[in-house]
Amino acid sequence: MLQPMHDHVVQHVAASSKIAVIAQARVFESIRAIGRDAWNKCFPDEVEDYDCLLAIEEAGISGFAFRYVTVMENGQLLAAMPAFLTDYQLDTTLEEGRLRQILRHVRRAFPRFLTLKLACLGSPCTENGVAGFHPNVLERRKADLFSQLLRGFEHYAKTNDCSLIGIKDVPEPATQTYGGVFADHAFAGIPGLPTAWLNIDFDAIDTYMARLSSGTRKDMRRKMKSFDKIRVEKRTDFGTMLPEVMALYHDTRNRSEWQFEELTSDYFAGILRQMQGRSFCTFYYADDQLLAANLLVHDGNTLIDKFFCMNSAEGRAYNLYYLSWFTNLRHCLDHGIKRYQSGQAYYENKIRLGSQLTRNTMYFKHRNPVIQWALRLASPLFAADETLRDGA
């Protein structure tokens with residue numbers, strides 16, 4: 001029997017002539033309370049499964065409290081989704097410019113300006129926000145279970161004084177399937193950052209290169225000459241290199257326009273430790289100097305690029321971003337992996353290199369209907385997705 005970490009329960013009773021089946025929405029404070037087998041049964045095709053979420057939970061990421069929302073029936077886990085609580089600055093995804101500069105000045109005098117207590121389904125550190133269902137759950141019942149999961153989470157958010165409720169990075173297929181549920185619960189949606197991915201349906205790098213434009217092909221062959229000057233090393237632990245990796249991470253993060261969570265050394269080490277056999281880090285050296293590190297996770301079918309961090313002053317001269325791209329493609333070919341998921345941002349390069357994009361939507365709902373109306377009106381300013389707005 002799963003034991004919840006608090007006493008919040010939302011029940012739904014489906015009565016028949018013989019028995020009453022009671023489905024309960026419960027929120028847990030640790031994924032350990034749910035268990036690996038129960039969680040992973042609901043997410044059989046997710047690379048970022050129980051072990052990944054446990055590493056995130058135990059990483060000590062400042063400002064985030066992680067939660068796990070479930071629907072259980074007679075002690076069995078039927079539906080689940082990770083979640084988190086945090087203070088959210090509404091201008092997090094606002095483009096750099098005059099408006100954002102003004103808001104920074106205002107926040108110096110009023111630190112809580114445009115900052116709301118957020119309860120959000122999904123994880124700040126995973127690729128998508130998707131609900132998982134036990135394999136015995138019939139398709140026709142999933143929408144009802146997802147609705148109950150949302151209802152339970154909304155009640156939990158209210159009891160924890162969270163004025164804003166969100167659902168992070170819902171991929172387009174899930175939006176199409178559960179659009180009616182989002183509407184029924186009065187959630188509004190804005191474009192999030194899309195996910196870039198590439199099918200590994202070629203048998204060699206040369207075959208892949210032949211699909212690129214002649215200009216891109218010529219440019220990539222020139223860039224790949226940098227392999228002659230770079231030593232590439234794959235490792236399943238950081239050893240003594242973790243401080244150097246974190247320095248590269250902070251250098252890369254400080255260059256980013258959007259900053260949400262700040263990862264920790266325990267996150268990087270925890271991913272490799274918890275996801276043994278399904279994670280590794282690739283190091284790129286010039287002589288003995290570490291210039292870049294690339295953290296990746298996989299399930300034997302999909303390879304996900306979690307974070308590429310680079311010495312900005314010296315790494316670009318060696319075309320390290322492109323070297324990492326081809327290193328990851330070779331890894332896929334060598335290990336029979338069929339999909340390379342290169343994540344969010346840098347879309348121009350990824351499209352140029354053959355990637356496709358899947359839209360993601362961020363859903364939000366403020367408990368105050370007047371503020372919700374105002375947020376809906378202003379939401380285009382805060383949309384993260386610039387790439388797909390024009391239907392690209």
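Each value in this text was obtained by applying a stated rule to the coordinates, not by laboratory testing. Because the structure is predicted, anything quoted here is derived from the model rather than measured. Here Cβ is always computed from backbone atoms with ideal geometry, including for glycine, and neighbour counts include all displayed protein chains.
The distance linking the range 33-60 with the range 235-312 is 20 Å (Cα centroid to Cα centroid, whole angstrom).
Among the trypsin sites (Lys or Arg not before Pro) within the range 139-217, those in coil by DSSP and having at most 12 neighbouring Cβ atoms inside 10 Å are Arg211.
Only Lys, Arg, Asp and Glu carry charge here, each on its Cβ (+1 for the first two, -1 for the last two); on that basis the range 196-357 has a dipole of about 620 debye about its Cα centre. Each label point was placed 7 Å from the Cα along the Cα-to-Cβ direction; for Lys225 and Asp37 their separation is 5.8 nm.
What is the order of Phe66, Phe283, fewest Cβ neighbours within 10 Å to most?
Numbers: Phe66 23, Phe283 19.
Taking fewest neighbouring Cβ atoms as first place, the list is Phe283, Phe66.
Taking 0.36 nm per residue of separation and subtracting the Cα-Cα distance, full extension of the segment from Asn349 to Thr216 would add 46.9 nm. Put simply, the C-alpha atoms of the range 250-339 give a gyration tensor, and the ellipsoid matching it has half-axes of 22, 18, 12 Å, longest first. In this structure, the residue pairs whose Cα-Cα separation is over 24 Å, taken from Lys168/Lys338; Lys218/Lys350; Lys41/Lys234; Lys225/Lys350; Lys168/Lys234, are Lys168/Lys338; Lys41/Lys234; Lys168/Lys234. Between the C-alpha center of the range 114-170 and that of the range 194-223 there is a gap of 37 Å.
Give me Arg235, Arg278 sorted ascending by neighbouring Cβ count inside 10 Å, so fewest comes first.
On the way: Arg235 13, Arg278 18.
Ranking Arg235, Arg278 by Cβ neighbours within 10 Å, fewest first, gives Arg235, Arg278.
With an 8 Å Cα cut-off and a minimum separation of 6 or more residues, compute the relative contact order for the range 196-357 in percent. Intermediate results must be reported in sequence, preceding the final value.
On the way: 232 pairs, mean separation 56.8, N = 162.
That works out to 35 percent.
Taking the number of Cβ atoms within 10 Å of each Cβ as an exposure proxy, the fewest-first ranking of Lys218, Lys41 is Lys218, Lys41. Could you pull out which residues in the range 310-340 have an amide N less than 14 Å from a spot 7 Å beyond the Cα of Arg255, following the Cα-Cβ vector? Correct set: 310-324.
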